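Colleague: Before I ask anything, here is the structure I am working with.
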Amino acid sequence: MKQGYKPEVGAVYGVYVEELRKYGAYQILEVEQGSVCYIVLDYLETEPPKKEDLSGIRPLYLERFRYHHALNMKYIYTNRVPEDYIFIGVCAPVTNRSCKVYSGKEWGHGVEYLDEADWQEADSKQKENYKKYINSGEWVTFKKDSFRKNEGVLTTELYKAAGENFSVDQFPCVTAVHIEGANPGILDCIADASLIHTFHWQEPQTEELDFRNTRLHTFELDGTGVKRIYLPDGVRSLKLTGRLQPELQIIGETVSFTIDMETDRIFHYGLTNVKRLFLGGIKELSLEKIPVVFPELHSLTIAGEPGIIKNLDALGRMCSLRDLTVYDLFGFSADDMKVLEKLPQLRSLDLYSIPKEAGLAARKICKGKLDNLEVQRLRSDDWLKENLDNPFRHWDGSEFVPIGAYKKTMQQYKKTRKQLKQVKTREEAVEVVKEYGCCFNLLNKRYDEFIETDEREDLFSVLEQLYEEFLRDKGLIGLDDFLDILDEIREEW
């Protein structure tokens, strides 16, 4: 663990872009107390820039999609430049334009170059049509169904309406696919679509998925029942959901891999060169196999429901690990945090909802030594006993949920749970949901409309969990109808 650079106006840094295996460059434009404004430079080569290159350096202008000759600069909340950035030198800022974009605390690591590279390599006619129709008011009609010509997502509904005749000429602004169910012709339809890079598929209902004839690089796939997945070149992110079979084979490479842990065993499914790994939904997991199964990791995120992790000392064998995030996991102590001293490349540590003593020890070990250190929502043993099965536990201590709102939420959750356990008729179930919805209508007004997208999804998700636990086998009401009641009664949240 080493300390990064102190920000300086005009300083230029080389940045390695993992996916492109090239170096980009950033320049610091402004330094304020606790924040930095930086700009992306027009440089992408196999070697970082040299000091003598600074006189000719220029900003990178964005041209992709809706952009037209726009600068890429942003403020971030930090007072330190990452240790792995390569200091090149100091020169006059490449622009004097003011920056109005604020973007959290994270420095860039080349995603701007990836997006622009995708655009530059795309078919020129498709790019021209995208620009032409993105603000269009035109419609495309198939029998009874009509869709905007500037639709951005190829959905199941659009695909079924267009049939296998879907084309980017009809819908030149589509950049992503979100479909459900068996749609065997979908991949042939997008084979020549050079602007479509993201693909989400729920319940594909097939044993084999072959994406080799596409230009996709970001995937979220339901792997239930799938035995073989063929990936195209240059995949940057693969997320698998559903029930994965141990014999699943993935032919290809990806830099980033995300899975929900249905079991306590870790598999690579044939993947190589994984640099970023996200393991979610952990109930209980030993970490001893991670360095063996994924030996080249630079970034590791592990998240529980909450869950228990064991053998934390195994992380000490991950000499290349730079970023570590642990969320809602327990079963380790302050002594286990000594493993952090064995990670020479560690630059970022985020710990959320972990044992209190372990979190305090980590903070002491890493203070002043990392580019980023976040230790939040430390939990006592008493808290864990009380909240192990609490689906709203992450609201406790959240900066977006007032304390009073959280307490009232817990009261209503316990009441709703008790009521649904005793429900005997459809009418009773409907009344319980209405009371649940009215409660959060009142809370949202009382606490300055704190219910936004994430909180709304939590409220629906919890109600669905309660349905599965108490009503699914009673045959009183269907899940969709059950949730529709809440959707109808909720007021602007």
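The values are calculated or read from the model by the stated rules, or taken from the named source; none is laboratory data. Quick caveat: nothing in here was measured; it's all calculated off a predicted structure. Methodologically, a virtual Cβ is constructed for each residue, glycine included, from the backbone with ideal geometry; neighbour enumeration extends over all protein chains shown. Ligands, DNA and RNA are stripped out before the accessible areas are found, and what is left, the full protein with its side chains, is counted by its heavy atoms. Shrake-Rupley method; radii C 1.70, N 1.55, O 1.52, S 1.80 Å.
Colleague: Look through region 33-73, keep the residues that are farther than 21 Å from C91 by Cα and of a type in the set (D, E, K, R), and return whichever of them is least open to solvent (accessible area, probe 1.4 Å). Quick ask: steps written out before the conclusion?
Modeller: Quick first cut of region 33-73, residues farther than 21 Å from C91 by Cα only: 33-34, 46, 62-70.
Filter again for of a type in the set (D, E, K, R), leaving 63-64, 66.
Numbers: E63: 50, R64: 28, R66: 162 Å².
Among those residues, the one meeting the criterion is R64.
Colleague: Right, next: Might you check whether a residue that is part of a helix (DSSP H, G or I) and among the β-branched types (V, I, T) occurs anywhere in region 179-197?
Modeller: Within region 179-197, the subset part of a helix (DSSP H, G or I) is 186-189.
In the following step, the residues that additionally are among the β-branched types (V, I, T) were identified as 186.
Looking through region 179-197, at least one residue is part of a helix (DSSP H, G or I) and among the β-branched types (V, I, T).
Colleague: Here's a follow-up. Restricting to region 139-160, give me the number of residues that are open to solvent by 60 Å² or more (accessible area, probe 1.4 Å) and β-branched (V, I, T).
Modeller: Looking only at that region, the number is 1.
Colleague: Sticking with this one: Could you please let me know if C99 is part of a loop (DSSP other than H, G, I, E, B) and in contact with a Phe, Trp or Tyr (Cβ under 8 Å, 6 or more places away or on another chain)?
Modeller: Values: part of a loop (DSSP other than H, G, I, E, B): yes; in contact with a Phe, Trp or Tyr (Cβ under 8 Å, 6 or more places away or on another chain): yes.
Criteria met by C99.
Colleague: Filter region 234-257 for residues that are of a type in the set (A, V, I, L, M, F, W, C) and touching a residue at least 60 places away in the same chain (Cβ under 8 Å) and give the result.
Modeller: Filtering region 234-257 for residues of a type in the set (A, V, I, L, M, F, W, C) gives 235, 238, 240, 244, 248, 250-251, 255, 257.
Residue satisfying the conditions is V255 alone.
Colleague: Identify, please: which residue in region 377-405 is over 27 Å from the mean Cα position of the chain (by Cα) and of a type in the set (G, A, S) and is, among those, most open to solvent (accessible area, probe 1.4 Å)?
Modeller: Step one: filter region 377-405 for residues over 27 Å from the mean Cα position of the chain (by Cα), giving 380-383, 385-386, 404.
Next, from what is left, pick out any that are of a type in the set (G, A, S): 380, 404.
Details: S380: 54, G404: 23 Å².
Taking the candidates together, the pick is S380.
Colleague: E452: open to solvent by 70 Å² or more (accessible area, probe 1.4 Å) and touching a Leu at 6+ places or on another chain (Cβ under 9 Å), yes or no? Explain how you work it out, then say what you get.
Modeller: Working: open to solvent by 70 Å² or more (accessible area, probe 1.4 Å): yes; touching a Leu at 6+ places or on another chain (Cβ under 9 Å): no.
When the stated conditions are applied, E452 does not pass them.
Colleague: Let me ask something else about it. In region 435-458, what count of residues is obtained for those that are in contact (Cβ under 8 Å) with a residue 12 or more places away in the chain and polar (S, T, N, Q)?
Modeller: 2
Colleague: Condition first: open to solvent by less than 10 Å² (accessible area, probe 1.4 Å) and either under 21 Å from L285 (Cα atoms) or free of Cβ contacts under 8 Å to residues at least 40 places away in the same chain (or both). Can you find one or more residues in region 359-376 that meet it?
Modeller: Yes, because at least one residue in region 359-376 is open to solvent by less than 10 Å² (accessible area, probe 1.4 Å) and either under 21 Å from L285 (Cα atoms) or free of Cβ contacts under 8 Å to residues at least 40 places away in the same chain (or both).
Colleague: A further question follows. Could you list all residues from region 426-449 that are basic (K, R) and either open to solvent by 100 Å² or more (accessible area, probe 1.4 Å) or not in a helix (DSSP H, G or I) (or both)?
Modeller: We begin by selecting, within region 426-449, every residue basic (K, R); these are 426, 434, 445-446.
Within region 426-449, R426, K445, R446 meet the criteria.
Colleague: Collect the residues in region 55-79 that are polar (S, T, N, Q) and farther than 16 Å from C99 by Cβ, keeping them in residue-number order.
Modeller: Pass one, region 55-79, residues polar (S, T, N, Q): 55, 72, 78-79.
Within region 55-79, S55, N79 qualify.
Colleague: Now a separate question. Could you check, for region 108-125, whether at least one of its residues is open to solvent by 30 Å² or more (accessible area, probe 1.4 Å), hydrophobic (A, V, I, L, M, F, W, C) and touching a residue at least 40 places away in the same chain (Cβ under 8 Å)? Steps first, answer last, please.
Modeller: The initial filter retains those residues of region 108-125 that are open to solvent by 30 Å² or more (accessible area, probe 1.4 Å), namely 109, 111, 115, 120-121, 123-125.
Those left that are additionally hydrophobic (A, V, I, L, M, F, W, C): 111.
Within this subset, residues satisfying the condition of being touching a residue at least 40 places away in the same chain (Cβ under 8 Å) are none.
The answer is no; no qualifying residue exists.
Colleague: Right, here's the next one. Would you mind stating whether K408 is under 28 Å from K283 (Cα atoms) and surrounded by fewer than 18 Cβ atoms within 10 Å (Cβ to Cβ)? Don't jump to the end; show me each part of the working.
Modeller: Working: under 28 Å from K283 (Cα atoms): yes; surrounded by fewer than 18 Cβ atoms within 10 Å (Cβ to Cβ): yes.
Yes; evaluated as a whole, the condition is true for this residue.
Colleague: Any residue at all in region 138-147 that's closer than 30 Å to G24 by Cα and among the basic types (K, R)? Give the derivation first.
Modeller: Keep residues of region 138-147 that are closer than 30 Å to G24 by Cα, which gives none.
No: region 138-147 contains no residue that is closer than 30 Å to G24 by Cα and among the basic types (K, R).
Colleague: Give the residue that is farthest from G397 (Cα to Cα), with candidates limited to residues of region 464-475 that are surrounded by fewer than 17 Cβ atoms within 10 Å (Cβ to Cβ) and not polar (S, T, N, Q).
Modeller: So the first thing to find is which residues in region 464-475 are surrounded by fewer than 17 Cβ atoms within 10 Å (Cβ to Cβ), and the list is 464-465, 468-469, 472-475.
With the extra rule that they be not polar (S, T, N, Q), the set shrinks to 464, 468-469, 472-475.
Numbers: E464: 24, E468: 28, E469: 27, R472: 32, D473: 35, K474: 36, G475: 38 Å.
The extreme case among them is G475.
Colleague: For the structure I just gave you, tell me whether S461 is within 23 Å of G281 (Cα to Cα) and either in contact (Cβ under 8 Å) with a residue 60 or more places away in the chain or open to solvent by 70 Å² or more (accessible area, probe 1.4 Å) (or both). Break it down stepwise before answering.
Modeller: Values: within 23 Å of G281 (Cα to Cα): yes; either in contact (Cβ under 8 Å) with a residue 60 or more places away in the chain or open to solvent by 70 Å² or more (accessible area, probe 1.4 Å) (or both): yes.
Yes.
Colleague: Is one or more of the residues making up region 78-91 open to solvent by less than 80 Å² (accessible area, probe 1.4 Å), within 26 Å of D53 (Cα to Cα) and without any contact (Cβ under 8 Å) to a residue 40 or more places away in the chain? Walk me through how you get there before you give the answer.
Modeller: Step one: of region 78-91, the residues open to solvent by less than 80 Å² (accessible area, probe 1.4 Å) are 78, 80-86, 88-91.
Okay, now just the ones that are also within 26 Å of D53 (Cα to Cα), so 80-86, 88-91.
With without any contact (Cβ under 8 Å) to a residue 40 or more places away in the chain added as a condition, the list becomes none.
Scanning region 78-91 turns up no residue that is open to solvent by less than 80 Å² (accessible area, probe 1.4 Å), within 26 Å of D53 (Cα to Cα) and without any contact (Cβ under 8 Å) to a residue 40 or more places away in the chain.
Colleague: Answer with yes or no whether Y352 is closer than 16 Å to T258 by Cβ and open to solvent by 10 Å² or more (accessible area, probe 1.4 Å). Spell out the reasoning first.
Modeller: Details: closer than 16 Å to T258 by Cβ: no; open to solvent by 10 Å² or more (accessible area, probe 1.4 Å): yes.
For Y352, the condition - closer than 16 Å to T258 by Cβ and open to solvent by 10 Å² or more (accessible area, probe 1.4 Å) - is not met.
Colleague: Moving on. Could you list all residues from region 341-393 that are within 27 Å of S35 (Cβ to Cβ) and part of a helix (DSSP H, G or I)?
Modeller: Of everything in region 341-393, those that are within 27 Å of S35 (Cβ to Cβ) and part of a helix (DSSP H, G or I) turn out to be G359, A362, R363, K364, I365, C366.
Colleague: Can you find, within region 15-31, the residue that is modelled with the highest pLDDT among those that are within 27 Å of E253 (Cβ to Cβ) and open to solvent by 20 Å² or more (accessible area, probe 1.4 Å)?
Modeller: Across region 15-31, the extreme among qualifying residues is Y23.
Colleague: Has region 412-425 got at least one residue that is open to solvent by 70 Å² or more (accessible area, probe 1.4 Å) and within 30 Å of V375 (Cα to Cα)? If you could, list the steps in order and put the result at the bottom.
Modeller: Applying the first criterion (open to solvent by 70 Å² or more (accessible area, probe 1.4 Å)) to region 412-425 yields 414-415, 417-418, 421-422, 424.
Then keep just the ones that are within 30 Å of V375 (Cα to Cα); that gives 414.
Checking region 412-425: at least one residue is open to solvent by 70 Å² or more (accessible area, probe 1.4 Å) and within 30 Å of V375 (Cα to Cα).
Colleague: Sticking with this structure for a sec: So, of the residues in region 161-217 that are aliphatic (A, V, I, L, M), open to solvent by 20 Å² or more (accessible area, probe 1.4 Å) and closer than 23 Å to G137 by Cα, which turns out to be nearest to the chain's Cα centre (by Cα)?
Modeller: Per the criteria, the residue is V168.
Colleague: Do you know which residues across region 312-339 are buried (at least 16 other Cβ atoms within 10 Å of the Cβ) and of a type in the set (S, T, N, Q)?
Modeller: Residue satisfying the conditions is T325 alone.
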